[in-house]
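Accompanying notes for the structure given below.
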Amino acid sequence: MNKPFKFKQFTIEQDRCAMKIGTDGILLGAWTSIENNPSSVLDIGAGTGILSLMLAQRSHAQNIEAIEIDENAYEQCAENFENSPWSDRLFCYHASLLEFVEEVEDTFDLIICNPPFYSEDYKTNDKARDLARFSDAMPFEHIIYAVTNLLSENGSFSVIIPFKEERSFIELASKVGLSPTRKLHVKGNTHTGIKRSLIEFMFQKHVVETSELIIETGRHQYTEDYINLTKDFYLKM
């Protein structure tokens, strides 16, 4: 799991990051809309920097900023940025989300976040992994608060969360004037239920466009939809 992860246009070192490259991040980085040609992007809780790097590849955004609280992950993220073809457009900050909100006066055209999910009561003995995985390190309320302060008027915010959290997350967002505009429901295969929700929010109300994605038909037999979404990144797609 600690080996570098090679994509078509960049490589990610992940040996010092608690959360390794996973399908969730790649789905979010590939699905997030760049139709509005964002010039500034913020990646909340960057980890390896995968989302920022995917958006650097996909968009012309001149300013892509990432924040990461864990020191090892922050250092690795900064190195991954430095070693990429877009190092002049990528910046990583070692800060908590609330510190960043207090200090930054800019707004961003696009905010993206693959937040920690696990709010269960159990913890492991690996503090870094717990920090990356447990939502008490970055509660949904903090994410929404940050987005309302940092998103530009016509900007968009994309997030991936467990499907069971979708309704409560949308309710939280609606209290501060953020409305869902697109949703993608993800199933691992045709026999499983919806596992993940990818949601895009904006300050303006829209008719919500909802679609579904199935990842596999069998073990490592990927669907055409999944291949089409991720083929610009995965080496073997």
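For (1) hydroxyl-bearing (S, T, Y); (2) buried (at least 16 other Cβ atoms within 10 Å of the Cβ); (3) within 20 Å of S158 (Cβ to Cβ), each residue gets a yes or a no:
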| position | (1), (2), (3) |
| --- | --- |
| S59 | yes, yes, yes |
| I64 | no, yes, yes |
| I67 | no, yes, yes |
| E75 | no, no, no |
| W86 | no, yes, yes |
| L98 | no, no, no |
| E103 | no, no, no |
| T107 | yes, no, yes |
| I112 | no, yes, yes |
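Please verify whether the stretch 76-84 includes one or more residues that are assigned to a strand (DSSP E or B) and at pLDDT 95 or above.
Just the residues of the stretch 76-84 that are assigned to a strand (DSSP E or B), to begin with: none.
No: the stretch 76-84 contains no residue that is assigned to a strand (DSSP E or B) and at pLDDT 95 or above.
Sort out which residues of the stretch 49-73 are modelled with pLDDT of 95 or more, part of a helix (DSSP H, G or I) and within 16 Å of C113 (Cβ to Cβ), and write them in order of number.
Residues satisfying the conditions are I50, L51, S52, L53, M54, L55.
List pairs: first in the stretch 187-208 and free of Cβ contacts under 8 Å to residues at least 40 places away in the same chain, second among the charged types (D, E, K, R) and not in a strand (DSSP E or B), Cβ under 6 Å, 6+ apart or cross-chain?
S197/E166
Take the stretch 149-191 and flag every residue that is open to solvent by 20 Å² or more (accessible area, probe 1.4 Å), under 18 Å from the mean Cα position of the chain (by Cα), over 14 Å from L213 (Cα atoms) and of a type in the set (A, V, I, L, M, F, W, C).
The answer is I170, and nothing else.
Among the residues of the stretch 27-47 satisfying the criterion of being out of contact with any Phe, Trp or Tyr (no Cβ under 8 Å at 6 or more places or on another chain) and polar (S, T, N, Q), which is least open to solvent (accessible area, probe 1.4 Å)?
Out of the qualifying residues, it is T32.
Of these, K3, K20, which one is surrounded by 14 or more Cβ atoms within 10 Å (Cβ to Cβ) and without any contact (Cβ under 8 Å) to a residue 40 or more places away in the chain?
When all the criteria are applied, what remains is K20.
Got a number for residues in the stretch 195-209 being buried (at least 17 other Cβ atoms within 10 Å of the Cβ) and among the β-branched types (V, I, T)?
1
So if I check each of L42, L28, which one is under 18 Å from F233 (Cα atoms) and touching a residue at least 12 places away in the same chain (Cβ under 8 Å)? Give the derivation first.
Numbers: L42 fails: under 18 Å from F233 (Cα atoms).
The unique qualifying residue is L28.
What are the pairs, 6+ residues apart or on separate chains, where a residue within the stretch 59-82 that is under 11 Å from Q14 (Cα atoms) has its Cβ under 9 Å from a residue that is polar (S, T, N, Q) and part of a loop (DSSP other than H, G, I, E, B)?
Going by the 9 Å Cβ cut-off, the qualifying pairs are A73/T48; Q76/Q14; Q76/T48; C77/T48; N80/Q14; N80/T48.
The values are calculated or read from the model by the stated rules, or taken from the named source; none is laboratory data. Predicted model only: the values in this text are computed from it and were never measured. For neighbour counting, all protein chains shown are included, and Cβ atoms are generated from backbone atoms with ideal geometry for every residue, glycine included. Only protein heavy atoms, including side chains, enter the accessible area calculation; ligands, DNA and RNA are left aside. Shrake-Rupley method; radii C 1.70, N 1.55, O 1.52, S 1.80 Å.
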